[in-house]
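Q: Okay, handing you the structure first.
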Amino acid sequence: MRIDIRNKIPGVLDAPVFGFDGVTRLDGRFTAELLHIWEHVPEGPFGKWICVGRSKVYSMVVTNYLMPLVGLASFSLVPEQLRITWHSDQVVVQWPYMAAQRYELQTTSSLEPPILWSPIFEWSGIADNHQEFSVTNAVTPTPRFYRLERWEWP
């Protein structure tokens, strides 16, 4: 059995994978996995699996010929999900490490243009798959808005 895992074969298949914005096509710097059995293992000696995007389930008939993934659907990567909670006099913002090169958490007090974002947390490097970021900020009398920016590996 041989499987052609390209997502673009001129005249046969064009199923791009998009970045977090849902518009930008990803180039060849990313890897793909073909899984026949996959189970999420939340803890243990192998840690967590990192999955930032996934296609719809795709079925194929196995043959003795080179098989392209005709019928594969496009999909977009999924951004980290921020969890924002309030503990005592602190706002706590948490998110899991999803293999980004750099994270910057920013805040602003207004979403009216021009929006002035101020960084309150910056991190870069490689983290353990188990890492979860947690940032606190004092509760203020005015509303605060948060956004998380991430940069991919070059």
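The values are calculated or read from the model by the stated rules, or taken from the named source; none is laboratory data. Please read all numbers here as calculations on a predicted model, not as lab measurements. As a convention, Cβ positions derive from the backbone with ideal geometry for all residues, glycine included, and neighbour counts pool all protein chains shown.
Q: Any chance region 26-33 includes a residue that's at pLDDT 70 or above, assigned to a loop (DSSP other than H, G, I, E, B) and not assigned by TED's automatic domain parsing to the domain that holds residue 99?
A: yes
Q: Within region 70-89, can you find the residues that are modelled with pLDDT of 85 or more and surrounded by 12 or more Cβ atoms within 10 Å (Cβ to Cβ)?
A: Of everything in region 70-89, those that are modelled with pLDDT of 85 or more and surrounded by 12 or more Cβ atoms within 10 Å (Cβ to Cβ) turn out to be 83, 84.
Q: Another one. Could you tell me whether residue 149 is surrounded by fewer than 13 Cβ atoms within 10 Å (Cβ to Cβ), part of a strand (DSSP E or B) and at negative phi?
A: Criteria not met by residue 149.
Q: If residue 67 satisfies all but one of (1) crowded, with 16+ Cβ neighbours inside 10 Å; (2) more than 15 Å from the chain's Cα centre (by Cα); (3) outside any loop (DSSP other than H, G, I, E, B), what's the number of the condition it fails?
A: Failed condition: (1).
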